[in-house]
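Asker: Quick one: structure below, then a few questions.
The values are calculated or read from the model by the stated rules, or taken from the named source; none is laboratory data. Just so it is clear, the structure is predicted and the values come from calculations on it, not from any experiment. Note that we place each Cβ from the backbone using ideal geometry, even for glycine, and neighbour counts take in every protein chain shown. The protein model used for the area step is the full one, side chains on, heavy atoms only, and it has no ligands, DNA or RNA in it. Shrake-Rupley method; radii C 1.70, N 1.55, O 1.52, S 1.80 Å.
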Amino acid sequence: MHDYLATLNEQQKEAVLYTEGPLMIVAGAGSGKTKVLTTRIAHLIQGGIDSFRILALTFTNKAAREMKERIESILGNSEARNLYIGTFHSVFARVLRVEAERMGYPSNFTIYDTEDAKSLIKSIVKERNLDDKVYKASYVYNRISSAKNNLYTYKEYKEDHNIQQEDARSNRPQIGEIFETYSKRCFKNGAMDFDDLLVNTYILLTNFPEVLSKYQHKFQYVMIDEYQDTNLAQYHIVKLLSAMHENICVVGDDAQSIYSFRGASMENIFQFQKDYEDVKIIKLEQNYRSTGTILNAANEVISKNENQIKKELWTDKESGEKIKLVCSFTDNDEGKFVADAIMEQKLRNHFSNKDFVILYRTNAQSRAFEESLRRLGILYRIYGGMSFYHRKEIKDYVAYLRIIVNSQDEESMKRIINYPARGIGQTSLNKISLAAQEQNKSFFEMLSEAASIGIKGSTLSTIHDFVTAVKHFQSIAEKKNAYEIAMEIGKQFGVLKDLNSDKTIEGLAKYENIQELLNSIKEYTETPDEEGELTDKPLGTYLQQITLLTDADQNADEEQDCVKLMTVHASKGLEFPNVFVVGMEENIFPSSMSMYDRADLEEERRLFYVAITRARENVWISYANNRYRFGSLISNDPSRFIEELPTHLVDASLAKKAAFKTTTFTSNKTKNDTVQQKKIPSKPASNYVPSSDFIADEPGKMQAGMQVEHQRFGIGTIVTLEGAIANKVATIDFGTMGQKKIMLNYAKLRIMN
């Protein structure tokens, strides 16, 4: 037996050794799927399969790097460097670079990220004189993206009656026209967006049989990670590539299918069993991550879903702590509890900040936790904030680099044509843009011919200088490495000077960001290639590398000792010793948009399942009775998913205590009724002089109905008490001074009776 098989359990070993024919590995959370996938690839190479003939597709660059590193550590040589391992988008971009000219694209085509695509859509909406509040770029982009992921061309989109009816009902009947213009503009600009990398690969494989045959012969073994997250386009591409040998292995977990809003289809994992009659199915059910309590709770929750592949996760770890259920009075109290609990766990059990994650349904929920963590001086980091490469100054600088690689890139050209300010007016730019469309030329070609459309004087001279500079850099781009070109561009076009001249805090921060960008290019050029050789690396490959970074890659920084805050969606694939799942209330988790459709509700339940199974040791499930929304305190019911947790696995003592946090003097009303309090007459407080023997009483002694004295407002009656002990707020009726809300920890009150 090979050494690398010795550490596998029986199911894992079976999956590694089953190399011929279609294989589906149903890998439960924490069951070692990455280990199985990498060991399987290493076993193929060890068995004599050429590494160039193996294709492995992932969803993040981080996962691809980890797989390569693991394979190298198993084999002890550099064979893993020859593998086609990467994200769907990066691998297909690599294929398209070779084959693009067959489809009329330049091999150095630009890749538009989401922001680039939305910017182009905004321009088209403006050109068509449409209302940008109705035709919001994000909405239109998502509509086009969804169509592409389902392999609709703009022609098919416009001809589909149901789609046209949907757009008409949403009062956006022009989306089909925008889609057409957008597609044609991208093609003219020599650009593909992220979705085009999939769609064009599909078109390439279906329209050019010789290309399909080439890659079918090349990839004898195909492996897909996170198969439940694939969309229709990815499904068809993979099926085409593996049709010759049918040595296709997919790894996934239907219970962790949570990305339908991105176009992912859980049906692909069910369809796989129908596509291949002789498919082998192996279930990985032993969990190496979580305690028995966490696993049993997760199993119980997910069992409520009807549409699933049945499996039962188990572990040989100890049962561990019960899941802690926490109820807070408000969302601010919830934030304070979580911060206090983290501090307590750090002191008592010697955890570091990075051992904690706070998971919520939406990014908007982070505020209360940020404030509470800051108060206690606990370092934290939010995943999903603005990416480094999406900052304006970075986008501007990268746009300069992109036009050197591809001068047809109209969006990048428009972005920097007048930055820094060159005195080229918008009227001239509109004239050039219109002429380019009418003559079916690129924006840059039209700049070169500006005199022919009546551009004169200093504007023409400035444009001529700009065009000359771009052509100069294009002519030397192949002779110098990426860093040398990037530095010279910054100096020649005045970008570095412009940023350096702004000595405000914001200006200095922008200049530092550009320096960091240049540092990254320098590091890229000084990193040896896969053979260990230092070569002059071109600008184009650097641009592709940063454009194809995923959110998970941009946010990956496990070394920093800070508490992580993120949505449950962003947490998939990660694990932590301690997990707080917060905001567990109806209309939040599950989302109000998902509560009236079984399929949507089952996805929300899978999302809760993912949240629980991120934890190795401890889970806190937290909800608030009241939450501030649009300035008002709204009452909420606990999430239905809480009721699905087995009661014997849950410590509800903290939730029960919270039920008594709001104290009233007399009440026979339900919690949803307005509570009427017994009042004790108050003395007028006009020009009030405090009692000479005034000594404040402890806040914990205050009760509703008590008569109290305040040094400024006078004598009043406590009407209600709300909130947790540390944040208790009293509503006090001070007679002629009116009712006041007073935080007891900060106010000084003397009990009168």
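Asker: Full extension from residue 156 to residue 449: what is 0.36 nm times the residue separation minus their Cα-Cα distance, to one decimal in nm?
Answerer: Working: separation 293, 0.36 × 293 = 105.48 nm, distance 3.66 nm.
Taking 0.36 nm per residue and subtracting the Cα distance, the gain is 101.8 nm.
Asker: Please give the contour-minus-distance gain from residue 164 to residue 344: 0.36 nm per residue of separation, less the Cα-Cα distance, rounded to one decimal in nm.
Answerer: 59.1 nm
Asker: Let me ask another. Under the definition of Cα pairs under 8 Å and six or more residues apart, what whole-number percent is the relative contact order of region 412-494?
Answerer: 26
Asker: Another question about this same structure. Using the beta-carbon distance between residue 139 and residue 692 and R0 = 60 Å, what value does 1/(1 + (r/R0)^6) give for FRET efficiency, to the nearest 0.05?
Answerer: Rounded to the nearest 0.05, the efficiency is 0.35.
Asker: Out of residues 5 or more away from residue 56 or on other chains, whose amide H comes under 5 Å of its own, with H placed 1.01 Å from N in the peptide plane?
Answerer: Distant-sequence amide H within range of residue 56: 84, 85, 86, 223.
Asker: Between residue 701 and residue 635, what is the FRET efficiency for a Förster distance of 35 Å, r being their Cβ-Cβ separation, to the nearest 0.05?
Answerer: Rounded to the nearest 0.05, the efficiency is 0.80.
Asker: Whole angstrom only: what separates the Cα centroid of region 188-243 from the Cα centroid of region 385-452?
Answerer: Rounded to whole Å, the Cα centres lie 32 Å apart.
Asker: Something else: Once every DSSP H run of n ≥ 4 in the chain is given -39500 (n - 2.57) and the sum is divided by its residues, what mean residue ellipticity at 222 nm do you get, rounded to the nearest 500 deg cm²/dmol?
Answerer: Estimated from H runs of four or more residues: -13000 deg cm²/dmol.
Asker: How many angstrom lie between the C-alpha centres of region 93-133 and region 5-36?
Answerer: One Cα centre to the other: 40 Å.
Asker: Name the shape class, rounded, prolate or oblate, that the alpha-carbon gyration tensor gives for region 1-78, where a ≥ b ≥ c are the square roots of its eigenvalues, rounded holds for a/c under 1.5, and otherwise prolate holds if a/b is larger than b/c and oblate otherwise.
Answerer: Details: a/c = 1.27, a/b = 1.06, b/c = 1.20.
Verdict is rounded for region 1-78.
Asker: Let me ask another. Stretch residue 82-residue 246 to full length: gain in nm at 0.36 nm per residue minus the Cα-Cα span? Could you put the intermediate results ahead of the total?
Answerer: Working: separation 164, 0.36 × 164 = 59.04 nm, distance 2.15 nm.
Roughly 56.9 nm would be gained on extension.
Asker: In nm, to one decimal, how far is the residue 363 label point from the residue 460 one, both placed 7 Å along Cα→Cβ?
Answerer: 4.7
Asker: Quick one: dipole size for the chain, taken about the Cα centre, charges +1 on Lys/Arg Cβ and -1 on Asp/Glu Cβ, in debye to the nearest 20.
Answerer: Using Cβ point charges on Lys, Arg, Asp and Glu, the chain gives about 2500 debye.
Asker: Taking a point 7 angstrom from the Cα of residue 545 along the C-beta vector, which residues in region 468-506 have backbone N less than 12 Å away?
Answerer: Only 482-483 fall inside the zone, counting backbone N under 12 Å.
Asker: Compute the signed sum of charges (Lys and Arg +1, Asp and Glu -1) over the other residues within less than 11 Å, Cβ to Cβ, of residue 521.
Answerer: Here the charged neighbours net out to -2.
Asker: How much of the DSSP beta bridge set in the chain is antiparallel, as a percent to the nearest 5?
Answerer: Expressed as a percentage, antiparallel bridges in the chain total about 35.
Asker: Cβ under 11 Å from residue 642's Cβ, residue 642 left aside: what net charge do those residues give with Lys, Arg +1 and Asp, Glu -1? Provide the component values of the computation, followed by the final result.
Answerer: Values: positive: 640; negative: 585, 586, 637, 643, 644.
After counting each charged neighbour, the total is -4.
Asker: To the nearest 20 debye, what charge dipole does region 331-459 have about its Cα centre, counting +1 at the Cβ of each Lys and Arg and -1 at the Cβ of each Asp and Glu?
Answerer: 280
Asker: Whole-Hz Karplus ³J(HN,Hα) for region 199-207, in order, using 6.51 cos²θ - 1.76 cosθ + 1.60 and θ = phi - 60°, x for Gly and Pro?
Answerer: With coefficients 6.51, -1.76 and 1.60, one gets 4, 5, 5, 4, 4, 4, 6, 8, 8 Hz.
Asker: What percent does the relative contact order of region 279-395 come to when contacts are Cα pairs within less than 8 Å and at least six residues apart? Before the final figure, lay out each step's value.
Answerer: Working: 77 pairs, mean separation 24.5, N = 117.
Reported relative contact order: 21 percent.
Asker: Using a 1.4 Å probe on the protein chains only, how many percent of the accessible area of the chain belongs to carbon and sulfur? Display every interim value, and only then the final one.
Answerer: Working: 16790 of 34730 Å².
Using a 1.4 Å probe with all protein chains present, the chain comes out at 48 percent carbon and sulfur.
Asker: In Å², and per residue, what accessible area does the chain have when probed at 1.4 Å with the other protein chains present?
Answerer: 46
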